[in-house]
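Colleague: Structure in structure tokens, see below.
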């Protein structure tokens, strides 16, 4: 089906980028494995999937495949597909420390650039849950980042009468 | 006018992602101005957004691995008919094989991809992937105006481009930082005094190079880069190809090659920007190469 090939062709770079951000270790081979499985599944499925529906379907499939993989026992060390990259920036390490469900929401929103309703569709949750999880993910990331945490605390201190006000309320 | 209690998670996240209406965003910004703590939190969220996007942005510009190209996808089961008849679309008049080739060209053509990515970024949060719109007609021409691939040198150059420049880890054996070493190696293997052609005037900086096997012995494959894009230059001692720059592109092959010869050497420039780009810039590249591998008169 030519239309499908077009759409999947356009979508593939975006699936790869999202996969790279999502997989354990962020290795290209592990991420591309997920993308390939996703594409094969999408090509086999009978439903006529086009356009944004296809995008939602593919991201959902990729996320399910990744969850399955995360549940599976760790592949013995040395497998190049799962070995983490040797030098991961600190930002990525903090990202990886987030619980998977929070990471999924955050990456779908920021890296994949999906609209909030689409994120809700992909994860099959209510849109209110999307917002709650986004807030949690972002606050956790801030807390894990020493620099950001410092500036947040500086903001607290800088707040005129903030501390005394809190004490009064207490 | 106090909004302090009126902003919920949807507002805060929408503000950071740029997805709430401007009036609401302005009101929120105003309330943040008088609340340093909340502002620090939102600023941190914004920085996270930036760093998450930039960390993985380069993946979009990587050439697709062969196994993910649309040609590698198994076709859908023809026995399972679509649930409802599809609306006829203008572009479906084209024969399927050419169309598939068009997709291959599309996903690998640097320029088309850049254009698409910019479009996708512009519509972040809506459709995001440009799947709603029809195929750009220009991409069809790229597939339709296919030129049969011929010429052993061009073939080898395209092959080298595919194999080495599609490698995300190690594209060259010796990098530009080791240019003197690379130069000594090339001179030794090509058996002639060498010089690395300078394309910096054309916006391409030297990345590095390696030696490849050719029918007449060692050949040099030099790589130039412009951001994520790559240009290959294959230099061979066999003076077989035509003397005029000829631009060719293989069937379903996104890599365009221009080749010529002179001074006892043959050259082939490879680019994944497409044949049109190479046809326009081939002469300038050829002029920049000049006679790089010819013996130079040493100036004391």
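Values quoted throughout were computed directly from the atomic coordinates according to the rules given, and no laboratory measurement underlies them. The model shown is predicted, which means the values in this text are computed figures rather than measured ones. Using ideal geometry, Cβ is built from the backbone for each residue, glycine included, and neighbour counts are taken over all protein chains shown.
Colleague: R0 = 25 Å: FRET efficiency of residue A:144 with residue B:8, Cβ-based, nearest 0.05?
Modeller: 0.55
Colleague: Between segment B:6-26 and segment B:160-194, what is the C-alpha centre distance in whole Å?
Modeller: Computed from Cα coordinates, the inter-centre distance equals 52 Å.
Colleague: Would you mind giving the mean number of other chain beta-carbons within 10 Å of the Cβ of each residue in B:7-16, as a whole number?
Modeller: Average per residue, whole number: 5.
Colleague: Please report Rg over Rh for segment B:9-60, where both radii come from the alpha carbon positions and Rh follows the Kirkwood definition.
Modeller: Rg divided by Rh gives 1.06.
Colleague: State, to one decimal in nm, how far the label point of residue B:29 lies from the label point of residue B:163, with both points 7 Å from Cα in the Cβ direction.
Modeller: 5.5
Colleague: While we're here: FRET efficiency for residue A:40 and residue B:152, Cβ-Cβ distance as r, R0 = 30 Å, nearest 0.05?
Modeller: 0.25
Colleague: Could you give the nm distance between label points at residue B:183 and residue B:201, where each point is 7 Å from its Cα heading toward the beta carbon?
Modeller: If labels sit at residue B:183 and residue B:201, their model points lie 1.8 nm apart.
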